[in-house]
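J.: Sharing a structure below in structure tokens format, with a few things to ask.
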Amino acid sequence: MRHIQRRIALLALPALVGSILVATGPAGADPTGPSAATSRSQPEDRESVRLVQIRLTGADMLDKVAAAGFDLEHGLRRVPTGIEGEAVVTAEQVTELTAMGVEVLADDAGFAWSDQADGGIGVDAAGARAVEPSNHQATVRIARADWFTTKGQGFLYVEARTTEGQQADPIVGMQVENDSGKGTPFGFARTMSRFVDSGQYMFHRNLFKLDTRPTRIQVTSSTGGVTTGVVSNWLENAPPPLTANPSYKSDFVDGYKHPQQLYSRAKEIARQYPDIAEIVYLPNQTNGYQRKAQAQLGGTGQAAVVVTSAAWGHEGGNDITVEFVDRPDANLPLAVEVTGKAVRVLLATDAAGAPASTATQVADALRTRSAGLIDRAHPYRTNEGSGIVAPTAGPVALTDFLDQKRFGAPEGEVPRGPATIPVLRIGKHRDGKKPGVLIQAQDHAREWVPATTSLESAERLVHNYRSDRETKKIVENTDIFFILSNNPDGANYSFYNFASQRKNMTNHCPDASADPAQRNSWGVDLNRNYRVGSGHDGYAGGSTNCVSGTYQGPEELSEPESKNIIWLVEKYSNIKFMMSVHSNGGQLFWQPGAYIADGRITTPRPPLGDEAFYWQSAARILSQVKAHRETVVTPENVGGSSDVLYSSAGNVREDLYYTYGIYAFGWEVGGSVYNPATGNWQGGSFQPEWTGNPELVSGHAETMEYANGIMEMFRVAADWGKDKKDPTSRLIPGDGKYRGPVDVRFETSEPATIYYTTDGSRPTLESPRYAATEFREPGQVFHVTETTTFRWFSVDSAGNIEKNYDPTKTDKRNNYRTATITIAKK
Ligand SMILES: [Zn+2]
């Protein structure tokens, strides 16, 4: 058994990212500078926001709307007519969205896949039935045909491609038929939906309601392509979950937890279970749940002055008062008096004794003559500040606006200032030899269920370790790192000030976006702040606009929260698995997760072995989610995140996978539950009522079902760590003499990547990799027309190499695999 580090196999990938950039230049960068933010209205009070259902035509519109500063991440999903989701907006912003072409839907008008038989694009009219399928096998391929049931209802998900899909005139349509069990005829023709993203044809796909499980499907294109395929099971026949053991303990978390509660419980667990748990402190403190104290004074428009304290509000900024004072005499100069924390601006007067200081003059005076109390003072937004400021009625107290307690926080519960994030590390052998799993929750502040889901998983580990055999195996064979909230500053803001806060609390905004009415839009999207496939490199889905919901930060890894993740995986290089837990949507992601919009150039697709391992792991994880209350994460919501949802430049998963070879998953927990009463899939929310409707939307039910999935991810990691078995592979058909051209393909005994040559050279890790025909499809088929010898080896997801072959140096045994396809001369 030879074992290579996965990071060796992946070494070529970051270089490839670089070469793509050299070749194409930084296309797709968000040209919208911070100043552009001011061109749209900003609500004075962002607490008056509400959630609306929206529909966008596609990724281009999504980028445009996000760049303009709208907050509409998560809960998004692809539908045949584009992308649907929720936006957190004011009534005024609804008008702006509509002006940008966004469709705002009535509350109950969300998309439902058609399950009606439909002649649609008219296969008969196109003459498809008259064409022999064998002539057109190549023009239509089935990527997926999955059957699943939930809450008593069967579903068929079909994903298929036509090689003519990019063709625009005429647009090639596709139709799917299914049988009704073995040996029954095809029928029930339905039109499929064409999925185009960033100008590129992706595939056709649909989810259909069916009462009987079909055995086979047939897909026909309007240009005459026909193919058939076998229907597979999706999340059916899952093994019993851990919770099936009657003595297994679960249901520990009894409500939403703010960061202080999460961290204090993590520390308590480490104290209570010192043999299997400890705390690792992340080295970079957050920038803090804190704000500078502010006020807007002197009038509106050109006369307004925005004043910001030098000190944080809780460190004295909130004690500062500023007063603009009118004086009766004529021709007085502008002056500033400072007494303690009281700043008095004595306004200049004109010949008639009327105030004569402009906003710019007052701002300059405050910045330079306030004894260091005020370090930022400027006109409002992009105004020149040419207006004459009005006196104030008296001293105006500056405030950091963090004292709202609108969610009932007891006095003193929310610590101000930077936070140190504890990592709860659980494992019997925390010596770096067991596969590490990083669970990172709540990068996005308003996502409360990911935190409770992660805490519930930690509780299950420590409470069942001594009594449950399966849990004991997990704890003894993995090294688990829980970050229960990776954005404590933003989370506190979400709990106590502004429930819809997504980003952290760092204000990188220039003066034009720094007035207090913008405060709920400041912050960096931590999941856009990483280094691979980033917005800084021209990838789509990260914004340069500091008030955008997807603001990527001034540079890669600008934020302590993202620096910490890199520190952790570098210090604990045994971390081989990662789950970035988000909400809501019911999706499970991996790579690629970002692309350059011009040409839709994604980060490199994982090798086929990794892709197969991701699918296999996803099926295990999601089967355990389903075991709780039949929630099904559907196959259309599983895969490379930029394939099934949208490009998110600079996300953490791309960095950890491409830089460190970590299997990096992303999860959108919650939402997308099938409601048999309405026949529709029901979306969730960021903070669903904790008990809510346990069959539909409930924070408690989501916590329990997704904790099942996290526990299964630990079992995946434990199995991976124990995998010392070499993969095997074969060429189909193999060695032999053939009368004419032969179609050949590789097959592996488990998820594994094949490196091969056909030029007589020995295969190495630099040799061509056996690839998918197209993404989300099985391995390619080689059309062999001349005698060819294939030399190859396979590497499984744990790094085991077939037949103990060493591809890195001359292996005298040359025990790679070989097969010769001999084509007889005619
Ligand atoms: Zn999120």
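J.: Roughly how compact is segment 750-796, stated as its Cα Rg over 2.2 N^0.38 Å to two decimals?
T.: On the way: Rg = 11.4 Å, N = 47, 2.2 N^0.38 = 9.5 Å.
It is 1.19.
J.: Find the relative contact order for segment 450-549 and round it to a whole percent, using C-alpha pairs within less than 8 Å whose residues are 6+ positions apart.
T.: On the way: 88 pairs, mean separation 18.6, N = 100.
Averaging sequence separation for qualifying contacts and normalising by length gives 19 percent for segment 450-549.
J.: With a point put 7 Å past each Cα toward its Cβ, work out how far Glu689 is from Trp567 in nm, to one decimal.
T.: Here the modelled spin labels are 4.2 nm apart.
J.: Another one. Using Cα-Cα distances under 8 Å and only pairs 6 or more residues apart, what relative contact order does segment 153-279 have, in percent? Can you show the working numbers first?
T.: Details: 173 pairs, mean separation 28.2, N = 127.
That works out to 22 percent.
J.: Sticking with this structure for a sec: Expressed as cubic angstrom per residue, what is the convex hull volume of the alpha carbon set of segment 645-765? Before the final figure, lay out the partial values.
T.: On the way: hull volume 28.7 nm³, N = 121.
It is 237 Å³ per residue.
J.: Quick one: if you stick a label point 7 Å off each Cα along the C-beta vector at Asn680 and Phe401, how many nm between them?
T.: Going by the 7 Å Cα→Cβ label model, 3.4 nm.
J.: Binning at 20 Å from 0, report for the chain what percent of all alpha-carbon pair distances ends up in each bin.
T.: Using 20 Å bins, I get a P(r) of 15, 44, 30, 10, 2, 0 for the chain.
J.: Give the Kirkwood hydrodynamic radius (Å, one decimal) of segment 289-370, defined as one over the mean of 1/r across all pairs of different Cα atoms.
T.: After inverting the mean inverse Cα-Cα distance, the result is 13.3 Å.
J.: Quick one: angle between helix 449-464 and the longest Cα principal axis of the chain, in degrees between 0 and 90, rounded to 10, please.
T.: The answer is roughly 60 degrees.
J.: Quick one: what does P(r) look like for segment 718-826 with 5 Å bins over all Cα pairs, in whole %?
T.: In whole percents, the pair-distance histogram is 2, 12, 21, 23, 18, 13, 6, 2, 1, 0, 0.
J.: How much length is gained if the chain between Ala351 and Ser180 is pulled fully straight, taking 0.36 nm per residue apart and subtracting their Cα-Cα distance, in nm to one decimal? Write down the numbers at each step before the final one.
T.: Details: separation 171, 0.36 × 171 = 61.56 nm, distance 9.38 nm.
My answer for the length gained is 52.2 nm.
J.: So the label point goes 7 Å from the Cα of Glu476 along Cα→C-beta, right? Which residues of segment 709-729 then have their backbone N under 17 Å from it?
T.: So the set is 715-723.
J.: Next question, about the same structure. Tell me the Kirkwood radius of segment 525-631: reciprocal of the mean inverse pair distance over distinct alpha-carbon atoms, in Å.
T.: On the way: mean 1/r = 0.0625 Å⁻¹.
Computed over Cα pairs of segment 525-631, the Kirkwood hydrodynamic radius comes out at 16.0 Å.
J.: Roughly what % antiparallel, to the nearest 5, for the DSSP beta bridges in the chain?
T.: Working: 110 of 142 bridges.
That works out to approximately 75 percent antiparallel.
J.: Let me ask something else. Taking θ as phi - 60°, what are the ³J(HN,Hα) couplings along segment 230-239 by the Karplus curve (6.51, -1.76, 1.60), each to the nearest whole Hz, with x for Gly and Pro?
T.: Once θ is set to phi - 60°, the couplings for segment 230-239 become 8, 7, 9, 8, 10, 6, 8, 6, 5, x Hz.
J.: Compute the long axis of helix 12-24 from its Cα atoms, compare it with the longest principal axis of the Cα atoms of the chain, and write down the angle in degrees, 0 to 90, nearest 10.
T.: For 12-24 against the chain, the angle is about 70 degrees.
J.: Taking K and R as +1 and D and E as -1, what net charge do the other residues with C-beta under 10 Å from the C-beta of Ser198 add up to? Please report the intermediate quantities before stating the final value.
T.: On the way: positive: Arg600; negative: Asp60, Asp63, Asp197, Asp598.
Here the count lands on -3.
J.: In addition: Per q in 0.27 1/Å, what log10 I(q)/I(0) does a Debye calculation on the alpha-carbon atoms of segment 324-398 return?
T.: -1.35
J.: Out of segment 434-516, which trypsin sites (Lys or Arg not before Pro) are coil in DSSP terms and have no more than 15 other C-beta atoms within 10 Å?
T.: On the way: sites: Arg446, Arg460, Arg466, Arg469, Lys472, Lys473, Arg502, Lys503; in loops: Arg446, Arg466, Arg502, Lys503.
Sparse-neighbourhood loop trypsin sites (Lys or Arg not before Pro): Arg466.
J.: Measure nothing fancy, just the Cα-based angle from helix 359-369's long axis to the longest principal axis of the chain, in degrees from 0 to 90, nearest 10.
T.: 80
J.: Let me have the 222 nm mean residue ellipticity of the chain computed from DSSP H runs of 4+ only, each contributing -39500 (n - 2.57), with the sum over all residues rounded to the nearest 500. Display every interim value, and only then the final one.
T.: Details: 15 runs with 169 residues, N = 826.
Computed ellipticity for the chain at 222 nm equals -6000 deg cm²/dmol.
J.: Given N residues in segment 513-580, what is Rg(Cα) / (2.2 N^0.38 Å)? Write out the running numbers ahead of the final one.
T.: Details: Rg = 13.8 Å, N = 68, 2.2 N^0.38 = 10.9 Å.
Here the answer is 1.26, to two decimals.
J.: Identify all lysines with a Cα-Cα distance to Lys803 below 30 Å; exclude those on the same chain that are fewer than 8 residues away in sequence.
T.: Lys433, Lys434, Lys473, Lys576, Lys722, Lys724, Lys725, Lys737, Lys812
No lab work stands behind these numbers, since they all come straight from the coordinates. Values in this document were obtained by computation on a predicted structure and should not be read as measured data. Methodologically, a virtual Cβ is constructed for each residue, glycine included, from the backbone with ideal geometry; neighbour enumeration extends over all protein chains shown.
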